[in-house]
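Remarks on the structure that follows.
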Amino acid sequence: MQDEISIKQCAFIAQLIVIISFSVITGKIYAAEVDSFTNRHELVDSRFVLNRVVNLWLEEAIAAANKKSIFQGGDGKGVNYCNQERMFDELEEKFTGFVIGKLESFVVEHPDLDMISVGFENSIYRDFEFTEPPTISLTKHLAVLLRVGDIYLGADKFGHFFTEGYAYYEIYSDVNQCSALQFGDLSESTFYGELATGIFSYADLAANLNGLRFWNSILALKKNPLSDAAVTQPYVQCIDNKWQLTKEFDWMQYVDPIWDESINCSAFKDDILLKKVQKRIAQTSRGKSCPMVEVNLKVLEEKYGDLLHHVYNSSGNKVSTEPLEPKFKLYWLTILERLKMSHVFIKESEKKI
């Protein structure tokens, strides 16, 4: 078993090298970071615009799933009502994207949303060199900052919410919550964060975990991953032989202060990067440092419970000290567990047939 895991670890590391190399060469695949400090000022709330677009996309995805169920049925009569797989396929197609989330692209292209856009050359990351974190210093791509309710967050968090949140949901459904968190920690340590950009963002992990809550609430097949309580009302239900939306989406059910990287402080690959960022934060924030403001810890503890330490860093910007090797081992153990459970499911299905 150990040899098998070791071989797969090596294969995965090789795959990561290919992904990162491709991103450096083409500039088409990259992890986005946000500068939550530079030129920060009051913004108009984008919540209602973003609520409308998410609810519209939900309606469109469900309508498409119902249409496919009618015309691509498998029960011998040309009808297959309320097919879960097709419904999730349509939702995934509508909301997720490869690295750059679809809602993030919508935000950037929307002419009326109030946002702060900081160029790399003026950002807190401007001193990063190619030999330190290759992706961010080469692509110079930064997400815009906007306001949802009273929360300021990077548009990259929408991609984390929907795309990484969906990956969390698949692992949560197949294995358990702990394995989903391990996957998120590994992805933030590698191609979505530290390995690619030099930055480990706890705010990204907060968005990921809340994305899991969203996807789990589509059908409410499992308990709330934060509270272990039943989800009282799903977004989608099968009514009169078709999927129907039964409640509206609202970002305020998910966003909170730890989506803001000026409050939930990021870690960095090494002390060199840390000092460069701390210097620029102090310059743009009149001598202040992260966290810029205090948060109500009691409220966060009520929401996240024992999972808060996985997604929240209150001790200020720091150097990331956790080694990658244990994370790879845990990740591959999760993969093997998912394969084993899939094998059991197939065997059980064959028995029923």
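For the stretch 121-166, which GluC sites (Glu not before Pro) pass both filters: DSSP loop (anything but H, G, I, E, B) and at most 14 other C-beta atoms within 10 Å?
Those satisfying the criteria are E129.
Skip the ligands, DNA and RNA, and give the accessible area per residue of the stretch 190-252 with a 1.4 Å probe, whole Å².
I get 36 Å² per residue for this part.
Starting from the Cα of V108, move 7 Å in the Cα-to-Cβ direction to define the label point; list residues of the stretch 123-143 whose amide nitrogen is under 16 Å from there.
135-143
Using a cut-off of 15 Å between alpha-carbon atoms, which aspartates and glutamates can reach K140, once sequence neighbours fewer than 8 places away in the same chain are excluded?
The qualifying aspartates and glutamates are E33, D35, E121, D127, E129, E132, D156.
Applying the Karplus parametrisation 6.51 cos²θ - 1.76 cosθ + 1.60 with θ = phi - 60° to the phi angles of the stretch 139-155, what ³J(HN,Hα) value in whole Hz is obtained for each residue in order, glycine and proline being reported as x?
Working through the residues one at a time gives 6, 6, 9, 10, 6, 7, 9, 9, 10, 10, x, 9, 9, 9, 8, x, 5 Hz.
Too long at a 21 Å Cα-Cα cut-off: which of K102/K157; K279/K318; K67/K94; K68/K223; K157/K275?
Checking Cα-Cα distances, K68/K223; K157/K275 exceed 21 Å.
The values are calculated or read from the model by the stated rules, or taken from the named source; none is laboratory data. On a predicted model such as this, the values are computed, not experimentally measured, just so you know. As a convention, Cβ positions derive from the backbone with ideal geometry for all residues, glycine included, and neighbour counts pool all protein chains shown. Just so you know, the surface numbers come from the protein's heavy atoms only, side chains and all, with ligands and any DNA or RNA stripped out. Shrake-Rupley method; radii C 1.70, N 1.55, O 1.52, S 1.80 Å.
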